[in-house]
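Where a number appears in this text, it was derived from the coordinates with a stated rule and is not lab data. Since the structure is predicted, the reported quantities are computational estimates derived from the model, not experimental observations. Cβ: placed from backbone, ideal geometry, glycine included. Neighbour counts: every protein chain shown.
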Amino acid sequence: MLSPPPSDHTPKTVDTLFSSASLHLQRQKTRIHNFFRNQNPETQPQQDSSISDVIRIAAEKFIDSTIEPTDPPSGNSDDVELIYHLLRAADELDHKQYEQATHFLDLCDSSSSKTGNLAQRITHYFVQALREKLRNETSSGAHLVAYLMSEFQRLKVEETITAISPIVAVLHEKIPFFQVGQLAGVQAIVERVEKAKRIHIIDLRIRNGMQWTALMQALSTTAKGERRPPGSPQILKITAIVTMSENLVRGTGERLAKFAESMNIPFSFKSVVVSSLTEIDEAQFDLNPKETVAVFSEYALQGLVSEPNELEALMGFMRKIRPSIMVVLESEVNLNSSVFAHRFVEVLFHYGAYFDCVNACLESSSGGERGLIESMFLNNHVRELLVKEGEEMARVVTVDVWRQFFGRFFMWEVELSSSAMETVNLLLGRFVGGKYCTLDADGGSLIVGWKGTPIFSISTWKFLH
């Protein structure tokens, strides 16, 4: 349950809240040490174990070596030794021991490959990120070049995701995380707006908008699954907040308009283009008192953790318009530490699970789709999280931190309905690797994971009156 808002009715600032969260990270080394100690150090990963098991064992060996510096213990599997060397490289880089870091990166390079087994591919991409970080710290001018290259790559990935390209279709059809999060969120919205005549969706980061075709299908059918009579259809309006190029979402609006026409749903689409969220104003959204407003935020908030003014402006706007429901999907990983070694371990576990999922859901003979997803999407995220430092550093927090933050704005967590949970479970049954997805309740939120490693959270919120 949410704690009561402060008595002075003044929302705590973003920096104060997230700084208080970072205080917990000062104990992270002990937490990580204890976490790894739960794994028997003599246990070797089995053939069907997850990559997280390999990482845990390698990290246990690494911790032992920092307590009593020795050569890596004998008897390790090749994968464990490879991840051990990767951890050593990150640790040496964190301590500015660049020669030693290079030594361990070279060891990793000699045994890793983007076409090797799972551990070898993960190591290959993480080594690339560490080498880029090493160049940034040791070469004058490298930082600016790396930043420009990173921005170019980010825009390229954003364009790919926004368009419904063949590779994006593969992501949605074969990797469970995308549909699970979107359809659970859509189900929560459908339940909230089912009696409304006018529905207004505000999407904080729309991209290709595939989830809204599911909403339209739901609106066009009755509770019995029959096509609604043409008499009084619900009117749907979607407004997308755009902080990049409007061209990226123009095609999304056109596709959604065509789909709505095929469903006989009166539909309109609008982009609110701002260079900063501090510029948004309710007048830009053409709000109608007869509309039922719902807000959908898919990985939109985590990019604002390092932009407190923008995040507070967005929440101030939300408090003014008071949507009937706000659906939030966010990564379930804590990357709010200024200590590189702490972030590295978290990223390794989190994206190791992602690689594991892609490996399980896409067969090796899938026409290079797996390699493309790993090299374009996963590699880009790993670079974003490991290479950037200071003000450019990505900061990601878990649902418990968002819960505290939303509570300061008088928002209340709404538990996902049994229908939404049924939707998730039915959907997972359709995926090859669906059995490896884990579902855990956290308050009123749902944590979706892969073989026990948390991946993202789904939560729904409303404002207290």
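Which links in Lys61/Lys114; Lys114/Lys451; Lys320/Lys462; Lys237/Lys320; Lys174/Lys258 stretch past 21 Å when you go from one Cα to the other?
Lys61/Lys114; Lys114/Lys451; Lys174/Lys258
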Query - Dipole of region 218-377, positive end: most advanced residue of Met263, Phe377, Ala313 [Cβ charges, Cα centre] - result: Met263
Report summary line: Residue by residue through region 406-413, the couplings from Karplus 6.51 cos²θ - 1.76 cosθ + 1.60 with θ = phi - 60°, in Hz, x for Gly and Pro, are 4, x, 5, 9, 6, 9, 10, 6
Query raised in the report: Given that compact globular proteins tend to follow 2.2 N^0.38 Å, what is the ratio of the alpha-carbon Rg of region 72-125 to that value?
Result: 1.09
Query - Cβ-based exposure ranking for Ile122, Ile458, in which fewest neighbours within 10 Å come first - result: Ile458, Ile122
Query raised in the report: How large is the charge dipole for region 348-465, taken about the Cα centre, if only the Cβ atoms of Lys, Arg (+1) and Asp, Glu (-1) carry charge, to the nearest 20 debye?
Result: 120 debye
Query raised in the report: Whose amide H sits under 5 Å from the amide H of Asp442, counting only residues 5 or more places off or on another chain, with H placed in the peptide plane?
Result: Ile447
**Report entry** Euclidean distance of C-alpha centroids, region 296-319 and region 354-415, integer Å
**Finding:** 17 Å
